[in-house]
Amino acid sequence: MGIFTLYLEPMTPEREDRILKVLDKRQDNITVVLENVFDPHNISAVMRTCDAIGVQELYVLNTRIPMHKKWGAKSSSSAAQWLTVHQYTDAMACFEHVRSKYDRIYTTHLDGDAVSLYDIDLTQRIALVFGNEHSGVSEEIRALSDGNFIIPQVGIIKSLNISVACAVSLYEAFRQKSLAGQYRQRGLGPVLYDQLLKEWSRGQLTDPEK
């Protein structure tokens with residue numbers, strides 16, 4: 001089984017073409033916030049989904065657990081190296097940063113005021129917040145959001161693994177944003193686009209499934 005590797009190598013036309021195709025689909029109008037997620041493999045799985053649908057930045061908030069030093073590389077196939085990951089230990093500082101860039105913040109929480117994921121306009125500039133594996137999104141973070149949403153389910157167990165819940169939510173955002181034509185144009189500003197192009201060009205992109 002192959003893995004992503006990162007080392008210096010001259011840019012080839014094929015490699016440049018692949019990097020440009022990926023960068024052209026990256027979006028700056030959607031992000032994910034993970035609050036006190038314990039298992040680094042869950043974070044890594046979220047990273048891989050973010051990369052898959054063009055989410056460039058991810059916020060990892062640790063107010064009750066130590067900051068993560070590494071992710072579960074097996075789940076992410078080193079997706080972290082292609083994302084912009086912000087780690088915070090202060091909730092207010094984290095959400096001030098998120099609020100400065102995104103118009104709406106939604107948390108996943110089973111509550112009476114929660115709306116269906118499919119009833120949210122995900123074509124906006126949005127941040128989706130997912131809580132830890134045991135207690136979900138905290139009351140403090142829910143108070144900083146614009147609302148709660150749930151993923152409709154008809155089974156006995158009314159919860160999903162955090163990485164699965166995030167994947168379902170992000171792919172619904174991907175569907176809505178695709179229909180709105182947001183993937184038909186560059187989603188990143190020129191400064192960030194050029195910065196990532198330079199950073200990515202230094203690394204070797206290989207297919208993890210080969």
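Of all the options Ile65, Ile30, Ile162, the one that moves most in a Gaussian network model of the chain with Cα springs shorter than 10 angstrom is Ile65.
Tell me whether the stretch 118-181 comes out rounded, prolate or oblate; compute the Cα gyration tensor, take square roots of the eigenvalues as a ≥ b ≥ c, and use a/c under 1.5 as the rounded threshold.
Oblate shape, in that a/c is at least 1.5 and b/c is the bigger or equal ratio.
Here the chain carries DSSP beta bridges of which approximately 5% are antiparallel, counting only pairs with both residues inside.
When Tyr102, Tyr118 are compared by accessible area of protein heavy atoms, the largest-first order is Tyr118, Tyr102, using a 1.4 Å probe. Charged neighbours of Leu20, selected by a Cβ distance under 13 Å, balance to +2 (K, R count +1; D, E count -1).
Using a Gaussian network model of the chain in which every pair of alpha carbons under 10 angstrom is joined by a spring, one finds that among Glu35, Glu14, Glu96 the greatest mean-square fluctuation is at Glu14.
Note on the chain: Lys pairs 8 or more places apart or on different chains, Cα atoms under 18 Å apart, count 6. Measuring only protein heavy atoms, the 1.4 Å probe finds Leu23 accessible over about 0 Å². Each of Val98, Val164, Val191 has its accessible area taken with a 1.4 Å probe; listed largest first, they run Val191, Val164, Val98.
Taking the square roots of five times each eigenvalue of the Cα gyration tensor of the stretch 53-164, the equivalent ellipsoid has semi-axes of 22, 18, 16 Å, listed largest first. Put a plus charge on the Cβ of each Lys and Arg, a minus charge on the Cβ of each Asp and Glu, and nothing anywhere else: the dipole of the chain about its Cα centre is then about 460 debye. Annotation for Leu110 and Ser159: the two label points, set 7 Å from Cα along the Cα-Cβ direction, are 0.8 nm apart.
Within the listed set Gly187, Gly112, Gly147, the Gaussian network model of the chain (springs between alpha-carbon atoms below 10 Å) gives the highest mean-square fluctuation for Gly112. Which residue, Ser145, Thr12, Trp200, has the largest displacement toward the positive end of the dipole of the chain when charges sit on each Cβ (Lys, Arg +1; Asp, Glu -1)? Positive-end residue among those listed: Thr12. Each Lys and Arg adds +1 at its Cβ and each Asp and Glu adds -1 at its Cβ; summed about the Cα centre, the stretch 73-129 shows a dipole of about 340 debye.
The values are calculated or read from the model by the stated rules, or taken from the named source; none is laboratory data. If you're wondering where the values come from, they're calculated on a predicted model, not measured in any experiment. Backbone-built Cβ (ideal geometry, glycine too); neighbour counts: all protein chains shown. Ligands, DNA and RNA are excluded from the accessible area calculation, which covers all protein heavy atoms including side chains. Shrake-Rupley method; radii C 1.70, N 1.55, O 1.52, S 1.80 Å.
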